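The values are calculated or read from the model by the stated rules, or taken from the named source; none is laboratory data. Please read all numbers here as calculations on a predicted model, not as lab measurements. Please note: Cβ atoms are built from the backbone with ideal geometry, for glycine as well, and neighbour counts cover all protein chains shown.
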Amino acid sequence: MKRIFIFVLALSLSFISFAQNGIKTPSVEILNITQTDATSYEFDVQVNTGCTRYVYLVADPNLLDMASAFGMTDVQLLEYFVSMGIAWVPAQDGQLDHYTVGDLEPNEQYAIYLLAKGATDDDNLVLVEEFSTSETGGTGLAELTMTLTDLTETSATVNIEINDQTAYYWHAILSQDELTMLAEMGNIYLVSTITDEEVYNVMSALLDAGALYYKHSAPLTETYVNDPEALVNIQTGVEYIACGFPFNANDELGTFTSPIHFIPGTGIISGGENGSSLSEVSMLQMEVYPNPAKDFVTLSADSKISSVEIFNTLGQKVFSLENGLTNMITINTTSFDRGVFVAKVKTEKGVTSTKLVIE
């Protein structure tokens with residue numbers, strides 16, 4: 001799988017937990033794996049005999065494939081993660097320990113890896129138990145709202161809210177210099193005023209290249225501070241860009257708050273308007289007007305439109321049209337309910353979607 005190495009390194013800090021105490025050849029079990037919500041699980045570790053200590057981690061089910069790739073045994077690979085600062089917890093016969101892991105990625109496969117040791121370093125046992133998290137969200141229009149609060153000279157708090165159709169989203173804070181560097185690495189040209197499309201393209205290229213990728217499935221509030229050791233180090237006078245992009249259960253990008261530009265220590269904040277959509281982050285240029293619409297709406301593209309489908313926020317198709325390959329079509333909307341819709345437009349350049357409001 002893509003990004004396994006970086007993904008697992010991150011998990012080793014956030015999802016790796018510890019363990020507990022024994023004697024000779026270890027005998028240990030992973031029991032009672034139970035899902036507590038869409039992205040949380042709990043389980044027990046039963047120490048039967050001969051175990052002096054153990055450690056577990058929750059990670060990608062293909063983790064042990066890395067061992068042979070790096071010329072290591074399974075035990076050596078798991079010991080490597082322990083060497084990163086994870087403490088062994090003593091264990092003894094009959095011990096039963098209960099663990100909970102949460103904030104996992106939705107709709108993903110995971111495995112619990114348990115390394116148990118006996119009286120000597122040569123007495124090892126590796127256990128692997130797999131489980132899956134549930135899908136979240138729906139197939140309608142995903143929506144993400146981002147706000148920036150508590151901006152000081154050396155800190156910033158990002159607040160993200162999502163609707164019930166959002167299955168997952170990813171977000172980031174990058175300095176403008178970092179964004180420019182990443183754009184150059186991905187051969188993406190940036191104009192002087194960075195657009196939503198450019199930020200999205202840079203982030204997509206970064207993820208495709210193997211960057212750390214967390215899928216979030218719940219609202220989030222995160223505070224970033226001045227810390228040279230942190231992934232994001234907030235510094236006075238530096239321009240940063242905060243962005244977030246939501247997807248529904250069909251992996252379709254929804255609407256989002258435009259990337260927010262801010263400079264700690266100056267009080268300067270720009271961007272953040274709501275309502276950006278896939279049409280704004282697509283190479284396809286399309287216009288929808290009037291929007292909001294009452295009696296009709298016109299879709300105009302820079303390439304010939306072959307079909308149009310319109311969905312309500314429940315993901316139900318309320319309109320479809322096979323077009324005769326023209327660049328513009330007008331749709332009568334008098335029979336539509338009032339509300340928010342998504343227009344999915346297929347053209348010679350590809351497929352794009354945009355938000356449509358009927359009044």
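Here are some notes:
- Pairs are defined by a Cβ separation below 6 Å, a sequence spacing of at least 6 or placement on different chains, a first member in segment 232-247 that is over 11 Å from S258 (Cβ atoms) and of a type in the set (D, E, K, R), and a second member that is modelled with pLDDT under 85 and in a strand (DSSP E or B); the pairs so defined are E239/I263.
- Criterion applied to D60, D44, D74 was being touching a Leu at 6+ places or on another chain (Cβ under 7 Å) and under 30 Å from L220 (Cβ atoms), and the one residue passing it is D44.
- Of all residues in segment 78-95, those that are closer than 15 Å to A59 by Cβ have Cβ atoms under 6 Å from Cβ atoms of residues that are surrounded by 13 or more Cβ atoms within 10 Å (Cβ to Cβ) and of a type in the set (G, A, S), 6 or more apart or on another chain, in F81/S12; M84/S12.
- When A167, A119 are screened for being assigned by TED's automatic domain parsing to the domain that holds V202, of a type in the set (A, V, I, L, M) and either at pLDDT 85 or above or in contact with a Cys (Cβ under 6 Å, 6 or more places away or on another chain) (or both), only A167 passes.
- Residue count, segment 124-143 (criterion: out of contact with any Pro (no Cβ under 6 Å at 6 or more places or on another chain) and more than 30 Å from F341 (Cα to Cα)): 7
- Residue in segment 104-112 that is over 30 Å from D251 (Cβ atoms), among the hydrophobic types (A, V, I, L, M, F, W, C) and modelled with pLDDT of 90 or more present: no
- Counting only residues that are closer than 17 Å to V126 by Cβ and either at pLDDT below 95 or not in a strand (DSSP E or B) (or both), segment 34-47 holds 0 of them.
- Residues of segment 48-106 classified as among the charged types (D, E, K, R) and either outside any helix (DSSP H, G or I) or touching a His at 6+ places or on another chain (Cβ under 7 Å) (or both), total: 6
- Any pair with Cβ under 9 angstrom, 6 or more apart, that starts in segment 125-141 at a residue that is under 30 Å from I310 (Cα atoms) and ends at one that is part of a strand (DSSP E or B) and basic (K, R): L141/K355
- Candidates in segment 131-179 are the residues that are in contact with an Asp or Glu (Cβ under 9 Å, 6 or more places away or on another chain) and part of a helix (DSSP H, G or I); of these, the one that is surrounded by the fewest Cβ atoms within 10 Å (Cβ to Cβ) is D177.
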